[in-house]
Structure formats: C-alpha cells, structure tokens
Amino acid sequence: MDGSSIGQLKTQLAKLKDERDELMQDVQEERGVVGQMQQELNKLKQEQQYMGGKLRDKELALQDYNRMIKESETILSKLIETSNNFLKSLEGETNKLKAKNDKK
C-alpha cells in the first residue's frame, strides 16, 4: 500500500467516525424525546385513571338517584291511589250520613 491509499483509508475512516457521531447525537436526541413522551403518557394514564374513577362514582350516584326517583314515584302513585280510594269511601259514608239525617 502506498501513502495515498493509506491517506484515503484514513479519510474514509474519519468520515465514518463523523457519520457515527452524527447518528449517535440523533439517537441521544430521540431518546430524550421518547423519554419526554413516556413521561407525558404516564401523566395522561394517571389522569385517565383519576377521571375514570370520578366517572364511575358519578355513574353510581346517578343510578342511586334513578332508583330513588323510581321508588318515590311508585310510593307517590300508591299514595294517590290510596287517597282517592279513601276520598271515595269518605264521600260514600258522608252521603249515607246525610241520607240518614234527611230521613229524620
């Protein structure tokens, strides 16, 4: 090998090292970006779990409200029916008493 061949090899080796160094820098920068993205993803997962828990609690409360409203409506309906029956009975008894008093 002559001196120019060795010089060319040294030049090629230097170029390879430069390219490697550029690639290493790119890799380190992208690792940083990926690390930041992972942190953001973890934060979002925590927020999702928190919000999911709040949502479940509110859905359970909503079910309780719906159950209480349904039970109250049923009781109110029965109360109205009972009151109407009592009113009819009372009117019937009142009419009977009036009829007895009118006969006297």
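At a Cα cut-off below 20 Å, give the lysines reachable from residue 88, other chains included and same-chain residues fewer than 8 away excluded.
Residue 88 reaches 78, 96, 98, 100.
Determine the dipole magnitude for the chain: charges of +1 sit on the beta-carbon of Lys and Arg, -1 on that of Asp and Glu, nothing else is charged, the reference point is the Cα centre, and the result goes in debye to the nearest 20.
1460 debye
Hey, what's the chain come to in accessible area per residue, 1.4 Å probe, Å²? It would help to have the intermediate numbers written out before the result.
Details: 10150 Å² over 104 residues.
Counting only protein heavy atoms, the per-residue value for the chain is 98 Å².
How tilted is helix 3-103 with respect to the longest principal axis of the chain? Cα atoms for both, answer in degrees (0 to 90, nearest 10).
In the chain, helix 3-103 runs at an angle near 0 degrees to the longest axis.
When N counts the residues of the range 8-104, how does its alpha-carbon radius of gyration compare numerically with 2.2 N^0.38 Å, as a ratio? The partial results should precede the final answer.
On the way: Rg = 41.2 Å, N = 97, 2.2 N^0.38 = 12.5 Å.
Ratio of Rg to 2.2 N^0.38 Å for the range 8-104: 3.29.
Run the numbers for residue 42 and residue 12: contour at 0.36 nm per residue of separation, minus the present Cα-Cα distance, in nm. If you can, show how the numbers build up before the last one.
Working: separation 30, 0.36 × 30 = 10.80 nm, distance 4.43 nm.
Gain on extension, residue 42 to residue 12, equals 6.4 nm.
If I build a Gaussian network model for the chain, linking alpha-carbon pairs within less than 10 angstrom, which residue out of 46, 38, 12 has the largest mean-square fluctuation?
Greatest mean-square fluctuation among the candidates belongs to 12.
Hey, any idea what % of the range 26-104's accessible area is carbon plus sulfur with a 1.4 Å probe?
Numbers: 4380 of 7790 Å².
Carbon and sulfur: 56 percent of the exposed surface of the range 26-104.
The values are calculated or read from the model by the stated rules, or taken from the named source; none is laboratory data. Everything numeric in this text was worked out from a predicted model, so none of it was measured. Counting neighbours? That spans all protein chains shown, and the Cβs are built from the backbone with ideal geometry, glycine included. Heads up: the accessible areas ignore ligands, DNA and RNA and are worked out on the full protein's heavy atoms, side chains in. Shrake-Rupley method; radii C 1.70, N 1.55, O 1.52, S 1.80 Å.
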